[in-house]
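Encoded as structure tokens, the structure appears first; notes follow it.
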Amino acid sequence: MDLMRQIELENMKGNIPEFGVGDTVDVDYLIREGDKERVQVFSGTVIAIRGNGIGRSFIVRRIVAGEGVERTFPLHSPRVQAIRIKATGRVRRAKLYYLRDRVGKAVRLASNFNKRRGSRSIKNPAVRGQANA
């Protein structure tokens with residue numbers, strides 16, 4: 001194993017739940033206001049997952065006061081405290097950018113009822129990498 005991959009595995013989080021595009025998640029994010037820090041919850045639908053290794057990130061979209069809000073979260077950032085899965089969605093695309101053009105009930109996705117996830121879901125690479133080592 002090369003040195004860069006070994007350093008990546010050491011700095012990756014090990015407690016990431018398995019989720020994918022189309023899932024509704026709550027992301028606990030540590031924000032700083034002045035000299036204080038607090039945890040803010042961002043709830044929404046995962047519309048994209050990109051990158052690999054320690055640089056992996058995901059985009060969460062939600063509707064606030066009739067306006068769409070998207071936020072990109074680095075998966076292994078120390079600022080991301082926790083990720084909780086509220087519902088799983090059944091999708092046929094790797095990126096759900098088409099949801100940006102939809103309003104109202106058209107934004108909803110069909111439920112997956114916790115069936116088997118596809119290859120586009122986030123699995124825990126730190127555990128998988130340590131099993132091979």
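The values are calculated or read from the model by the stated rules, or taken from the named source; none is laboratory data. Owing to the predicted nature of the structure, the values given are computational and were not obtained by experimental measurement. So basically every Cβ, Gly included, is an ideal-geometry build from the backbone, and we count neighbours across all protein chains shown.
Looking at the stretch 92-101 only, could you name the residues that are closer than 19 Å to residue 63 by Cα and either at pLDDT below 80 or surrounded by 13 or more Cβ atoms within 10 Å (Cβ to Cβ) (or both)?
Within the stretch 92-101, 95, 96, 99 meet the criteria.
Does the stretch 1-25 hold any residues that are assigned to a helix (DSSP H, G or I) and over 17 Å from residue 81 (Cα atoms), and which are they?
Step one: of the stretch 1-25, the residues assigned to a helix (DSSP H, G or I) are 3-11.
Passing the criteria: 3, 4, 5, 6, 7, 8, 9, 10.
Of the residues that sit in the stretch 45-84 and are without any contact (Cβ under 8 Å) to a residue 40 or more places away in the chain and among the small types (Gly, Ala, Ser), which one is nearest to residue 110 (Cα to Cα)?
The selected residue is 68.
Return a yes/no flag: does the stretch 26-38 have any residue that is modelled with pLDDT under 95, basic (Lys, Arg) and not in a strand (DSSP E or B).
There is no residue in the stretch 26-38 that is modelled with pLDDT under 95, basic (Lys, Arg) and not in a strand (DSSP E or B).
Provide a single number: the residues in the stretch 62-85 that are under 22 Å from residue 13 (Cβ atoms) and not aromatic (Phe, Trp, Tyr).
14
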